[in-house]
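K.L.:
What follows is a structure written as structure tokens; I'll ask about it next.
The values are calculated or read from the model by the stated rules, or taken from the named source; none is laboratory data. Keep in mind the model is a prediction, meaning the values are calculated, not measured. Every residue, glycine among them, receives a Cβ derived from its backbone with ideal geometry; neighbour counts consider all protein chains shown.
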Amino acid sequence: MTAPRFSVVPAAYLYLRHGDEVLLQLRRNTGYMDGRWAAAAAGHIEHGETAAAAIMREAREELGIDVRAEDLEPLTVMQRTDGTATPIEQRVDWLFTASAWEGEPRIMEPRKCAAIQWFPVRGLPRQMPGHERFVLDGVARGVLAPFSDFGF
């Protein structure tokens, strides 16, 4: 008898950039990382959807903006875990940034988002998911590998 195949949860993240600032959202009522500042738009990649298509969809759903594929800049692809065998904590994340988009970012899902705010990339809030701080600290230092891991 063989062990069940290892599976991961795929997700995509978008950090909007304006100069040296990054737009973050304050999560609430999601059951995951609530009370923390996180990527302005993020979500699971749906079946049959690419990471780029997922984050363009999430930007529309969460921020009411349109981001073109050619304006997405890949930051890193991250394999991460919280160190447990819990299936929801075995993840692969595609993280992007964009400096161009159409529309004014606004809260489209107030039940899940308490606030959005611009922060200096070198002055991030304390309450952030560790893997996102890792990525944005790499952006601030100008050293972020195309492939990364977190929590192992």
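K.L.:
For the range 49-103, which positions are touching a residue at least 60 places away in the same chain (Cβ under 8 Å), among the small types (Gly, Ala, Ser) and in contact with a strand residue (DSSP E or B) (Cβ under 9 Å, 6 or more places away or on another chain)?
P.N.:
Listed by number, the residues that qualify are Ala98, Ser99.
K.L.:
Now a separate question. Take the conditions touching a residue at least 60 places away in the same chain (Cβ under 8 Å) and touching an Asp or Glu at 6+ places or on another chain (Cβ under 7 Å) and apply them to Phe150. Does it pass?
P.N.:
On the way: touching a residue at least 60 places away in the same chain (Cβ under 8 Å): yes; touching an Asp or Glu at 6+ places or on another chain (Cβ under 7 Å): no.
Spelling it out, it is not the case that Phe150 is touching a residue at least 60 places away in the same chain (Cβ under 8 Å) and touching an Asp or Glu at 6+ places or on another chain (Cβ under 7 Å).
K.L.:
Could you check the range 70-152 for strands (runs of 3 or more DSSP E) lying wholly inside it with 1 or more residues that are farther than 17 Å from Ala59 by Cα and in contact with a Lys or Arg (Cβ under 9 Å, 6 or more places away or on another chain)? Full working, then the answer.
P.N.:
On the way: elements: 73-81, 90-98, 113-120, 147-150.
Qualifying strands (runs of 3 or more DSSP E): 73-81, 90-98, 147-150.
K.L.:
Another one. Can you spot a residue in the range 25-41 that is outside any strand (DSSP E or B), polar (S, T, N, Q), modelled with pLDDT under 95 and at negative phi?
P.N.:
yes
K.L.:
From Glu73, Glu49, Glu61, Glu21, grab the single residue that is acidic (Asp, Glu) and farther than 25 Å from Leu124 by Cβ.
P.N.:
Exactly one of Glu73, Glu49, Glu61, Glu21 is acidic (Asp, Glu) and farther than 25 Å from Leu124 by Cβ, namely Glu49.
K.L.:
Among the candidates Glu89, Glu58, which residue alone is touching a Gly at 6+ places or on another chain (Cβ under 9 Å), buried (at least 21 other Cβ atoms within 10 Å of the Cβ), closer than 22 Å to Met128 by Cα and of a type outside the set (Lys, Arg)? Lay out the reasoning, then the answer.
P.N.:
Working: Glu89 fails: buried (at least 21 other Cβ atoms within 10 Å of the Cβ).
Answer to the selection: Glu58.
K.L.:
Would the range 134-142 turn up any residue that is on the phi < 0 side of the Ramachandran plot, surrounded by fewer than 18 Cβ atoms within 10 Å (Cβ to Cβ) and either of a type in the set (Ser, Thr, Tyr) or more than 15 Å from the chain's Cα centre (by Cα) (or both)?
P.N.:
Pass one, the range 134-142, residues on the phi < 0 side of the Ramachandran plot: 134-141.
From what's left, surrounded by fewer than 18 Cβ atoms within 10 Å (Cβ to Cβ): 137-138, 140-141.
Next cut, either of a type in the set (Ser, Thr, Tyr) or more than 15 Å from the chain's Cα centre (by Cα) (or both) only: 140-141.
Scanning the range 134-142 turns up at least one residue that is on the phi < 0 side of the Ramachandran plot, surrounded by fewer than 18 Cβ atoms within 10 Å (Cβ to Cβ) and either of a type in the set (Ser, Thr, Tyr) or more than 15 Å from the chain's Cα centre (by Cα) (or both).
K.L.:
List, please: which pairs have Cβ atoms under 9 Å, are six or more places apart or on different chains, and start with a residue in the range 13-37 that is touching a residue at least 60 places away in the same chain (Cβ under 8 Å) and within 19 Å of Arg80 (Cβ to Cβ) and end with one that is of a type in the set (Ser, Thr, Tyr) and assigned to a strand (DSSP E or B)?
P.N.:
Once the first residue is touching a residue at least 60 places away in the same chain (Cβ under 8 Å) and within 19 Å of Arg80 (Cβ to Cβ) and sits in the range 13-37, its partners that are of a type in the set (Ser, Thr, Tyr) and assigned to a strand (DSSP E or B) give Leu14/Thr97; Tyr15/Thr97; Leu24/Tyr15.
K.L.:
A follow-up question, please. Applying the selection to the range 2-24, what residues are out of contact with any strand residue (DSSP E or B) (no Cβ under 8 Å at 6 or more places or on another chain) and at negative phi?
P.N.:
If we filter the range 2-24 for residues that are out of contact with any strand residue (DSSP E or B) (no Cβ under 8 Å at 6 or more places or on another chain), which is where we start, we get 2-5, 19.
Of everything in the range 2-24, those that are out of contact with any strand residue (DSSP E or B) (no Cβ under 8 Å at 6 or more places or on another chain) and at negative phi turn out to be Thr2, Ala3, Pro4, Arg5.
K.L.:
Let me ask something else. Is it fair to say Tyr15 is of a type in the set (Phe, Trp, Tyr), in contact with a helix residue (DSSP H, G or I) (Cβ under 9 Å, 6 or more places away or on another chain) and assigned to a strand (DSSP E or B)?
P.N.:
Numbers: of a type in the set (Phe, Trp, Tyr): yes; in contact with a helix residue (DSSP H, G or I) (Cβ under 9 Å, 6 or more places away or on another chain): yes; assigned to a strand (DSSP E or B): yes.
Considered against the rule, which asks whether it is of a type in the set (Phe, Trp, Tyr), in contact with a helix residue (DSSP H, G or I) (Cβ under 9 Å, 6 or more places away or on another chain) and assigned to a strand (DSSP E or B), Tyr15 comes out as yes.
K.L.:
Continuing with the same structure: The conditions are (1) modelled with pLDDT of 95 or more; (2) part of a loop (DSSP other than H, G, I, E, B), and Ala3 fails exactly one of them. Which is it?
P.N.:
If we test Ala3 against (1) modelled with pLDDT of 95 or more; (2) part of a loop (DSSP other than H, G, I, E, B), just (1) comes out false.
K.L.:
Quick one: would you say Glu46 is assigned to a loop (DSSP other than H, G, I, E, B) and without any contact (Cβ under 8 Å) to a residue 12 or more places away in the chain? Reasoning before the result, please.
P.N.:
Details: assigned to a loop (DSSP other than H, G, I, E, B): yes; without any contact (Cβ under 8 Å) to a residue 12 or more places away in the chain: yes.
So Glu46 fits the description; yes.
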